[in-house]
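S.K.: Let me begin by handing over the structure; questions about it come next.
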Amino acid sequence: MALYGERGFDNTSVAEIAERAGLTERTFFRHFADKREVLFSGAGALQELFVSAVASAPAGATPLEAVSEALAAAGAVLQLRGDYPRQRQSIILASAELRERELIKLATLAGALAEALGRRGVPEPAAGLTAEIAIVVFKTAFQRWVADGNQRDLPELIRDSLDELRVLAGRETP
């Protein structure tokens, strides 16, 4: 992370990362497929968190309530990571290649959420639509959290974004 911050993603080599970490390149490649994966290695754990939270939502929960459980769980975990998510996002935003990889990660996450909702009996297209909405809510809250220097609570920003969505859907008044 420090090297990416100092030199930029494109100007940082695997050899430099390995050297800074006190590893050989061979050891680096045992843990990461390439230098992008340093930034995306937690995607699987995040996906598992989202999916398990949807699966554990109360039986009578609506699809949006189920994904709200997942958003709250993810927000709480990211909140604990301190400044790391903001540093990571700054590096991603500076690279077209990484922005593309981030979009792929979010699309994969939406697909996993849709499948989890499907397992709860939510039919298509409702499962896919709810999953995509959840990703938009998550991105919106996360961007707000990063932009304000993590001063506000991420779970609170997620709740605020969900409330704004409900207002837009005509379910509540401002």
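S.K.: Restricting to segment 119-133, give me the number of residues that are in a helix (DSSP H, G or I) and surrounded by 14 or more Cβ atoms within 10 Å (Cβ to Cβ). I'd like the intermediate steps shown before the answer.
M.R.: From segment 119-133, those in a helix (DSSP H, G or I) are 119, 126-133; that's our starting set.
Now drop any that are not surrounded by 14 or more Cβ atoms within 10 Å (Cβ to Cβ), which leaves 126-133.
Total satisfying the criteria: 8.
S.K.: Take the conditions surrounded by fewer than 16 Cβ atoms within 10 Å (Cβ to Cβ) and modelled with pLDDT of 95 or more and apply them to VAL136. Does it pass?
M.R.: Answer is yes for this residue.
S.K.: Under 6 Å between Cβ atoms, at least 6 apart or on separate chains: pull out the pairs that start in segment 150-161 with a residue that is over 14 Å from VAL136 (Cβ atoms) and end on any residue that is surrounded by fewer than 19 Cβ atoms within 10 Å (Cβ to Cβ) and small (Gly, Ala, Ser).
M.R.: PRO155/ALA72; PRO155/ALA76
S.K.: Return the only residue of ALA61, ALA45, ALA70 being buried (at least 18 other Cβ atoms within 10 Å of the Cβ), under 23 Å from ALA141 (Cα atoms) and out of contact with any strand residue (DSSP E or B) (no Cβ under 8 Å at 6 or more places or on another chain).
M.R.: It is ALA70.
S.K.: For segment 12-54, give me each residue that is polar (S, T, N, Q) and under 24 Å from ASP83 (Cα atoms).
M.R.: THR12, SER13, SER41, GLN47
S.K.: Check segment 20-31 and report whether any residue there is in contact (Cβ under 8 Å) with a residue 24 or more places away in the chain and surrounded by 14 or more Cβ atoms within 10 Å (Cβ to Cβ). Give the steps one after another, and end with the answer.
M.R.: From segment 20-31, those in contact (Cβ under 8 Å) with a residue 24 or more places away in the chain are none; that's our starting set.
The answer is no; no qualifying residue exists.
S.K.: Right, another one. Would you list the helices (runs of 4 or more DSSP H) that sit entirely within segment 1-118 and hold 2 or more residues that are within 20 Å of ALA131 (Cβ to Cβ)?
M.R.: 43-56, 63-79
S.K.: State yes or no: is ALA59 of a type outside the set (Asp, Glu) and under 22 Å from PRO123 (Cα atoms)?
M.R.: In short, yes.
The values are calculated or read from the model by the stated rules, or taken from the named source; none is laboratory data. Please read all numbers here as calculations on a predicted model, not as lab measurements. For neighbour counting, all protein chains shown are included, and Cβ atoms are generated from backbone atoms with ideal geometry for every residue, glycine included.
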